[in-house]
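Each remark here refers to the structure printed beneath this line.
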Amino acid sequence: MRIYVTEDYQAMSRKVANLLAAQVMIKPDCVLGLATGSTPVGAYQRLVELYRAGDVDFSQVRSINLDEYVGLAPTHDQSYRYFMQSNLFDHVNIDPANTNVPQGLAEDPEAECRRYNQVIHDLGPIDLQLLGMGHNGHIGFNEPSDVFERETHVVDLAQSTIQANARFFASADEVPRQAMTMGVQTIMQARKVLVAVSGKDKAEIVKKAFTGPVTPQVPASILQMHPDVVLVGDKAALSLL
Ligand code: GLP
């Protein structure tokens, strides 16, 4: 595993954006696995700047997002489709037809997961998967569990995740209780995994995930088994490593 320690969130964001841009330069029609959450926002801003400067071209890129809340419309400002549009897709020349996020309003979420799996199988393997990490070690929305779920599935969100994400909603009651998420096996099949972490509040879980036992109770710990992981974090998040 390669680890980059940066001074602060801004520097972490620049590094993550540069690595994503490098992937697109090396393979213009690459498959990018993309993530949401507050961590990658700065990296997406920087990617938009690189695009505007003419340094990166997304015209052939295909993207697959990790997850989506069950029940949120793509126009809901907390849906992950909306997040991707407003933070990245609307500002670069990616073909909208080449972007994939699970459909939150699908009538049958289980069927939507099967459809999404097929999309991943048709496009994959993912060349570079970007990941953030929840405070309980979740990746995508793979919550602590007794087993590593393999493919895209419906998940009941952990109470701690609902609380953590309540800051984006009017109240915790409005946070959806379920989500659809890419499975751990799919994430592990990505050729390269890029984990971004920031802030002191992530230091404990970063330590657990990367130096503790590999267990589905800490979903990110499985990344210890991946042959090509790059961890980029500010010094606060990596302070306990
Ligand atoms: C969310 C997302 C994850 C994200 C995580 C951390 O619940 N489903 O993909 O990595 O929480 O979010 P943040 O970056 O805001 O700490």
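The values are calculated or read from the model by the stated rules, or taken from the named source; none is laboratory data. Note that the structure is a prediction, hence the values are computed from the model and not measured. Don't worry about glycine lacking a Cβ; one is built from the backbone with ideal geometry, like all the others, and counts go over all protein chains shown.
Okay, here's what the table says:
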| quantity | calculated |
| --- | --- |
| For residue 204: the one exception among (1) within 16 Å of the ligand (Cβ to nearest atom); (2) modelled with pLDDT of 95 or more; (3) in contact with a strand residue (DSSP E or B) (Cβ under 9 Å, 6 or more places away or on another chain); (4) at negative phi | (3) |
| Condition check for residue 35: away from the ligand (no atom under 16 Å from the Cβ) and either modelled with pLDDT of 95 or more or out of contact with any Cys (no Cβ under 6 Å at 6 or more places or on another chain) (or both) | no |
| Meets criteria (more than 10 Å from the ligand (Cβ to nearest atom), touching a helix residue (DSSP H, G or I) at 6+ places or on another chain (Cβ under 8 Å) and part of a helix (DSSP H, G or I)) for residue 185 | no |
| The lone exception for residue 77 - which of (1) under 30 Å from residue 55 (Cβ atoms); (2) part of a helix (DSSP H, G or I); (3) away from the ligand (no atom under 11 Å from the Cβ) it fails | (2) |
| Selection from the range 184-209 of residues that are buried (at least 22 other Cβ atoms within 10 Å of the Cβ) and of a type outside the set (A, V, I, L, M) | 186, 198, 202 |
| Pairs with Cβ under 6 Å, 6+ apart, first in the range 182-196 and at negative phi, second surrounded by 24 or more Cβ atoms within 10 Å (Cβ to Cβ) and part of a helix (DSSP H, G or I) | 196/16 |
| The range 101-128: number of residues that are among the acidic types (Asp, Glu) and surrounded by fewer than 19 Cβ atoms within 10 Å (Cβ to Cβ) | 4 |
| Qualifying residue in the range 81-100 (condition: surrounded by 18 or more Cβ atoms within 10 Å (Cβ to Cβ), part of a helix (DSSP H, G or I) and touching a helix residue (DSSP H, G or I) at 6+ places or on another chain (Cβ under 8 Å)) | yes |
| One residue from 17, 73, 35, 43 being surrounded by fewer than 20 Cβ atoms within 10 Å (Cβ to Cβ) and of a type in the set (A, V, I, L, M) | 73 |
| Residues of the range 126-181 that turn out to be away from the ligand (no atom under 12 Å from the Cβ), outside any loop (DSSP other than H, G, I, E, B), within 26 Å of residue 207 (Cβ to Cβ) and without any contact (Cβ under 8 Å) to a residue 40 or more places away in the chain, as a count | 1 |
| Total residues in the range 193-241, condition among the acidic types (Asp, Glu) and within 17 Å of the chain's Cα centre (by Cα) | 1 |
| Of all residues making up the range 220-240, the number that are assigned to a loop (DSSP other than H, G, I, E, B), of a type outside the set (D, E, K, R) and over 18 Å from residue 185 (Cα atoms) | 5 |
